[in-house]
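Enquirer: Here it is: the structure, laid out below.
The values are calculated or read from the model by the stated rules, or taken from the named source; none is laboratory data. Since this is a predicted model, take the numbers as computed values, not measurements. Here Cβ is always computed from backbone atoms with ideal geometry, including for glycine, and neighbour counts include all displayed protein chains.
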Amino acid sequence: MTNRGFGNLVALSDKELEQGLWRLLAETARTEAGIVAHLAEVEERRLHLRAGYPSMFQYCLGHLKLSESEAFHRIVTARLAAAYPTILERLEAREIHLSAICLLRRHLTRENHRELLAQACGKSKRQVEELLARRFPEAVSSEARRARFKQLNADCHRIELYVTKRQKEKLELARDLVSHANPSGDWGVVLERAVDALTEKVQERRFGGTETETETETETETERNAGEDASERTMAGPERHGETDDETHPTKRDATRSANGDGSLGPHGDQSHGRRHIPNSVRRAVGARDRLSCAFTSESGRRCGARAFLQFDHIRAWARGGDETRENLRILCAAHNRLLAEQEFGVAAVKRGIEHRRAALHTQKAEGETPRAGRNTAQDSAAPGPNGATLSCLPGQDVAATHERDAQPALALGKVPKTAA
């Protein structure tokens, strides 16, 4: 074995070799704890947003050049350590590893975190999984519902997905409805057509659709081989979940807050001018110009480009007289929309707006009102912001939930509120 750069390891005794190994592991543990602490501070200062990244996960991949696994484990640990500082102490002492901490993330509370961390210390990943299976059987079962993608070759991926009985029946019905064009029952064809139909409907609703009404779907190879007529290629899209039209929703529009004379957010929607609907032609133009992705650009010239949780943002704030024109509108992700709102109106003002919106949602629930279909009530509530767009207060402002659809580990990123250790 070549030991270049590490001294003559062959000349070491067995004892010296092991002592050196233990010393390196101790240094690595201290370094790892330091990296986690630094990441927590980077997120606290929102340096990742200023650098043009929509989330800490993308910042770690693109800016720090970490792997998906490294980014996931370190971000989750950093967020948990912000709430429970004892994690950093145990990590630095090599009492617990990142994999174990991430497994515990959904189960740690202010009351049990010390006990649970102590039980996980010194255990392998499999042993921690067994520990959680005994203490939280239902939670472990729901954890398995997260979809997993595995690349098999350059053009093929395998999806592992858990669905409910009702969802399974819907999938089977969709497969049967297109059986004339997909006689083999290829699930890839079924999913592609369903996603195409959903994407077309949501894009038309949120961004004004396309300029012509004569565009047709792109045929899959299986459909072409089956000789399906274009007139038969119409099918109802799946139910729309998690998508809301922030600009035209009457509840949001009526509750939208504007800036007072001091630049703060008024709690009752005291707009300086009437809110107008953005014409579909403007939506189409802005969507085409910004390529249906976040147009935020950092000082270094990096464009965010995120495609999840998109919102129309007024360059000249709507609360300050900005209008709904192509020149004054742009597409931003929720994270960068909130960042710019905080820069213009102040962190405290935006926070008050979010808290007011949350209170309004709680009041609706208490009065028995049903939230509008499409809102993901599992996420934290959204709040209309000073720019006339909705500011989504998502866990960790990521995604992580999300949001982050281009890498599976990011789906589980959730920010933990800071609490005393």
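Enquirer: Among the candidates Glu342, Glu324, single out the residue that is of a type in the set (Asp, Glu), at pLDDT below 95, closer than 24 Å to Gly52 by Cβ and in the same structural domain as Pro279 (by TED's automatic domain parsing).
Expert: Details: Glu324 fails: closer than 24 Å to Gly52 by Cβ.
Selected residue: Glu342, the only one of Glu342, Glu324 that is of a type in the set (Asp, Glu), at pLDDT below 95, closer than 24 Å to Gly52 by Cβ and in the same structural domain as Pro279 (by TED's automatic domain parsing).
Enquirer: Please work out which one of (1) closer than 30 Å to Leu103 by Cα; (2) touching a residue at least 40 places away in the same chain (Cβ under 8 Å) is the condition Asn153 fails and give its number.
Expert: (2)
Enquirer: Only one of Arg74, Arg114 is outside the structural domain of Leu161 (by TED's automatic domain parsing), more than 21 Å from Thr31 (Cα to Cα) and charged (D, E, K, R). Can you tell me which? Walk me through it before giving the result.
Expert: Values: Arg74 fails: more than 21 Å from Thr31 (Cα to Cα).
Just one listed residue meets the conditions, Arg114.
Enquirer: Looking at segment 41-60, which of its residues are surrounded by fewer than 22 Cβ atoms within 10 Å (Cβ to Cβ) and over 18 Å from Leu340 (Cα atoms)?
Expert: Glu41
Enquirer: Here is a further query. Of the conditions (1) more than 23 Å from Arg90 (Cα to Cα); (2) in contact (Cβ under 8 Å) with a residue 12 or more places away in the chain, Gln167 fails just one. Which one is it?
Expert: It is condition (2) that Gln167 fails.
Enquirer: Kindly indicate whether Gly185 is modelled with pLDDT of 85 or more, in a loop (DSSP other than H, G, I, E, B) and either not basic (Lys, Arg) or not assigned by TED's automatic domain parsing to the domain that holds Arg326 (or both). Steps first, please.
Expert: On the way: modelled with pLDDT of 85 or more: yes; in a loop (DSSP other than H, G, I, E, B): yes; either not basic (Lys, Arg) or not assigned by TED's automatic domain parsing to the domain that holds Arg326 (or both): yes.
Yes; evaluated as a whole, the condition is true for this residue.
Enquirer: Let me ask you something else. Out of Arg105, Arg46, Arg30, I need the residue that is on the phi > 0 side of the Ramachandran plot and of a type outside the set (Val, Ile, Thr). Which one? First the steps, then the outcome.
Expert: Working: Arg105 fails: on the phi > 0 side of the Ramachandran plot; Arg30 fails: on the phi > 0 side of the Ramachandran plot.
Among Arg105, Arg46, Arg30, only Arg46 is on the phi > 0 side of the Ramachandran plot and of a type outside the set (Val, Ile, Thr).
Enquirer: When you check Gly34 against the structure, is it assigned to a helix (DSSP H, G or I) and farther than 30 Å from Leu80 by Cα, yes or no? Reasoning before the result, please.
Expert: Numbers: assigned to a helix (DSSP H, G or I): yes; farther than 30 Å from Leu80 by Cα: no.
Against the criterion (assigned to a helix (DSSP H, G or I) and farther than 30 Å from Leu80 by Cα), Gly34 does not qualify.
Enquirer: How about segment 311-339: which of its residues are aliphatic (A, V, I, L, M) and without any contact (Cβ under 8 Å) to a residue 24 or more places away in the chain?
Expert: Ile315
Enquirer: State the number of residues belonging to segment 290-306 that are in a loop (DSSP other than H, G, I, E, B) and in contact with a Ser or Thr (Cβ under 8 Å, 6 or more places away or on another chain). Full working, then the answer.
Expert: Start the filter on segment 290-306 by keeping residues that are in a loop (DSSP other than H, G, I, E, B), which leaves 290-296, 298-302, 304-306.
From the residues that got through so far, the ones that are in contact with a Ser or Thr (Cβ under 8 Å, 6 or more places away or on another chain) too are 304-306.
Summing the residues that are in a loop (DSSP other than H, G, I, E, B) and in contact with a Ser or Thr (Cβ under 8 Å, 6 or more places away or on another chain) in segment 290-306 gives 3.
Enquirer: Would a scan of segment 63-76 turn up a residue that is touching a Lys or Arg at 6+ places or on another chain (Cβ under 6 Å) and under 20 Å from Glu44 (Cβ atoms)? Outline the logic, then answer.
Expert: Quick first cut of segment 63-76, residues touching a Lys or Arg at 6+ places or on another chain (Cβ under 6 Å) only: 76.
From what is left, the residues that are under 20 Å from Glu44 (Cβ atoms) are 76.
There is at least one residue in segment 63-76 that is touching a Lys or Arg at 6+ places or on another chain (Cβ under 6 Å) and under 20 Å from Glu44 (Cβ atoms).
Enquirer: Another question, if that's okay. Here are Arg79, Arg45, Arg30: which of them is free of Cβ contacts under 8 Å to residues at least 60 places away in the same chain and not polar (S, T, N, Q)?
Expert: On the way: Arg79 fails: free of Cβ contacts under 8 Å to residues at least 60 places away in the same chain; Arg30 fails: free of Cβ contacts under 8 Å to residues at least 60 places away in the same chain.
Testing whether each residue is free of Cβ contacts under 8 Å to residues at least 60 places away in the same chain and not polar (S, T, N, Q) leaves just Arg45.
Enquirer: How many of the residues making up segment 281-322 are closer than 17 Å to Leu47 by Cα and of a type in the set (Val, Ile, Thr)?
Expert: Of the residues in that region, 1 qualify.
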